[in-house]
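Heads up, the thing below is written out as structure tokens.
Please treat every number below as a calculation from the coordinates, not as lab data. The structure presented is a predicted model; accordingly, all values stated were derived computationally and were not measured. Neighbour counts are summed over all protein chains in view; Cβ atoms, including those assigned to glycine, are modelled from backbone coordinates with ideal geometry.
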Amino acid sequence: MYIRHFLLFILFLLTISCSGPSSKIMELHEDVFNEKQSILCPKVSFIEGLDKLIVTLEEKETYKIKFHEVKWICYSEISKERNQTDNIDLSFSFKVDYIDDINDFKAEKFTFIVALLNKNNEIISKKKFSRSFLNNSKSEIISNNDALINIKVNNSNDEIYDHRLLLGFMKN
């Protein structure tokens, strides 16, 4: 009797674990078969002159936005096919300061760029990201923790720590 209940319980667990979305199964498969190893990160810096953005509306400066905090980790991944990928995972927060008091709360939008250069200053990867936020105070921190940015370098023969990662805002 206990054996039958135990077997039904095991069958129930297997049914639940196998009935999830296929993306979860692929994630589990990749985690099991891929090897991850921490590696040294490249130097991260801001693009000169693009480290902050001053937004103007009707020829009047409205607000200034800048990077508040940038966090990154780097790791190398080797798949079961023995392909190597170096990865940089980035998370950001931004600081917004309004020049005048705001009375009109509305959605604001900004764009920033992340570029990875090799040791010869050649662009390996360049990505543009748009973010929006709802203004609600004269000064605020906008967190971007829920949207991790991943930069991949496939089959790199170079050491990624010799590269440079550049960040900057784009003018709209």
Taking region 46-165 and dividing mean pair separation by its residue count, relative contact order in percent (alpha carbons under 8 Å, at least six apart): 27 percent
Distance in nm between label sites at residue 161 and residue 60, each 7 Å beyond Cα in the beta-carbon direction? 5.2 nm
What share of the DSSP beta bridges in region 36-170 is antiparallel, in percent to the nearest 5? 95 percent
Loop-resident chymotrypsin sites (Phe, Trp or Tyr not before Pro) in region 66-172 with no more than 14 other Cβ atoms inside 10 Å, DSSP not H/G/I/E/B, are 105
Which one, 47, 113, 155, is farthest towards the positive end of the dipole of region 36-170 when Lys and Arg carry +1 and Asp and Glu -1 on their Cβ? 155
Too-long pairs where the Cα-Cα distance tops 24 Å, listed order kept, from 119/152; 36/95; 80/127: 36/95; 80/127
For residue 72 and residue 40 in one chain, what is 0.36 nm times their gap in residues minus the Cα-Cα distance, to one decimal in nm? 10.4 nm
What ranking of 151, 39 emerges when the number of other C-beta atoms within 10 Å of each C-beta is taken as an exposure proxy, fewest first? 39, 151
Percent of alpha-carbon pairs separated by more than 21 Å within region 36-170: 47 percent
